[in-house]
Amino acid sequence: MNLIRNSSVSLLVILSVMMYSCIQIAGVETTNGATVVMRDNSIEGSTPPFSSIYMFDTGYIPYIDRGLGIVLSSDDEGKFQLDGIGKNVLNVQVVDNVNKVSAHLSVNRQGVEYKSEMRSSGSLQGTVECTRSGRILVFIAGTGYYILLDQQGSFKFNSIPPGSYTVQAALLASSLNGVVPAPESFSEKVTAVIGSDKATILNEKIIISGNYYRGN
């Protein structure tokens, strides 16, 4: 009798563990992607737990910090919300540092669920030329990615979430006393499509001729 009772208890324990495991697995499956929704004056979404979330307007320029740039993290359930966001077109990048995967979403309409699976990041290589000497800022517009070059030449960005991006370069003015220099002139914009776990090489050179100026 005790043997039968113990066997029944063991079976219940095993079934309980199996059911709990299924629930946990289902929970992971619902959070292995990224979902972002823009509301009237806020933005919210779901990601893998404790992911890093980077949000920039599409015209944001890193290093000189021109435009809207926000960094936050999702909670232990993978949820996040930020109030006070107006009707901006945002590039949202989600990085799961634990599983080494990321996602890139362009959010531009209210009430629409933008979804992306999390994938391995890629890299981008290219060459910039300038008709004048000086320090050069190469950046991916609407993100936090940038590289400073002392002169024209090659550049490389690593760990970029898969997606389509706009790459540009600017010749920087000389600066004094540690003040962030202002751009004097910009190159034309170049589109780059980054694949998952791949190295993307720009066939088109990014050229700063000194004739193209980008305003605010």
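The values are calculated or read from the model by the stated rules, or taken from the named source; none is laboratory data. Everything quoted here is computed from the prediction, not taken from an experiment. Because the Cβ atoms are built from the backbone with ideal geometry, glycine has one as well, and the counts that use them run over all protein chains shown.
What do you reckon, is Phe56 within 13 Å of the chain's Cα centre (by Cα), closer than 23 Å to Pro183 by Cα and aromatic (Phe, Trp, Tyr)?
Here the answer is yes, as Phe56 does meet what is asked.
Can you work out which of the residues in the range 174-202 that are touching a residue at least 24 places away in the same chain (Cβ under 8 Å) and closer than 16 Å to Tyr63 by Cα is farthest from the chain's Cα centre (by Cα)?
Ser174
Are any residues in the range 170-210 more than 26 Å from Ser120 (Cβ to Cβ), among the aliphatic types (A, V, I, L, M) and surrounded by 15 or more Cβ atoms within 10 Å (Cβ to Cβ), and if so, which ones?
Ala170, Leu171, Leu172, Ile207, Ile208
Report yes if some residue within the range 121-139 is surrounded by 14 or more Cβ atoms within 10 Å (Cβ to Cβ), free of Cβ contacts under 8 Å to residues at least 60 places away in the same chain and either of a type outside the set (Phe, Trp, Tyr) or in contact with a strand residue (DSSP E or B) (Cβ under 9 Å, 6 or more places away or on another chain) (or both); otherwise report no.
Yes, that holds for at least one residue.
Which strands (runs of 3 or more DSSP E) does the range 101-184 wholly contain that include 1 or more residues that are polar (S, T, N, Q)?
Result: 101-107, 113-117, 122-130, 153-160, 163-172.
Please verify whether Leu105 is under 15 Å from Val193 (Cα atoms) and in contact with a Phe, Trp or Tyr (Cβ under 8 Å, 6 or more places away or on another chain), treating the condition exactly as stated.
For Leu105, the condition - under 15 Å from Val193 (Cα atoms) and in contact with a Phe, Trp or Tyr (Cβ under 8 Å, 6 or more places away or on another chain) - is met.
So, in the range 38-86, exactly how many residues are surrounded by 16 or more Cβ atoms within 10 Å (Cβ to Cβ), in a strand (DSSP E or B) and not β-branched (Val, Ile, Thr)?
10
Given the criteria buried (at least 22 other Cβ atoms within 10 Å of the Cβ), among the small types (Gly, Ala, Ser) and within 30 Å of Pro181 (Cβ to Cβ), does Gly142 qualify?
Spelling it out, Gly142 is indeed buried (at least 22 other Cβ atoms within 10 Å of the Cβ), among the small types (Gly, Ala, Ser) and within 30 Å of Pro181 (Cβ to Cβ).
Name every residue in the range 129-148 that is charged (D, E, K, R) and modelled with pLDDT of 95 or more, in order of residue number.
Result: Glu129, single match.
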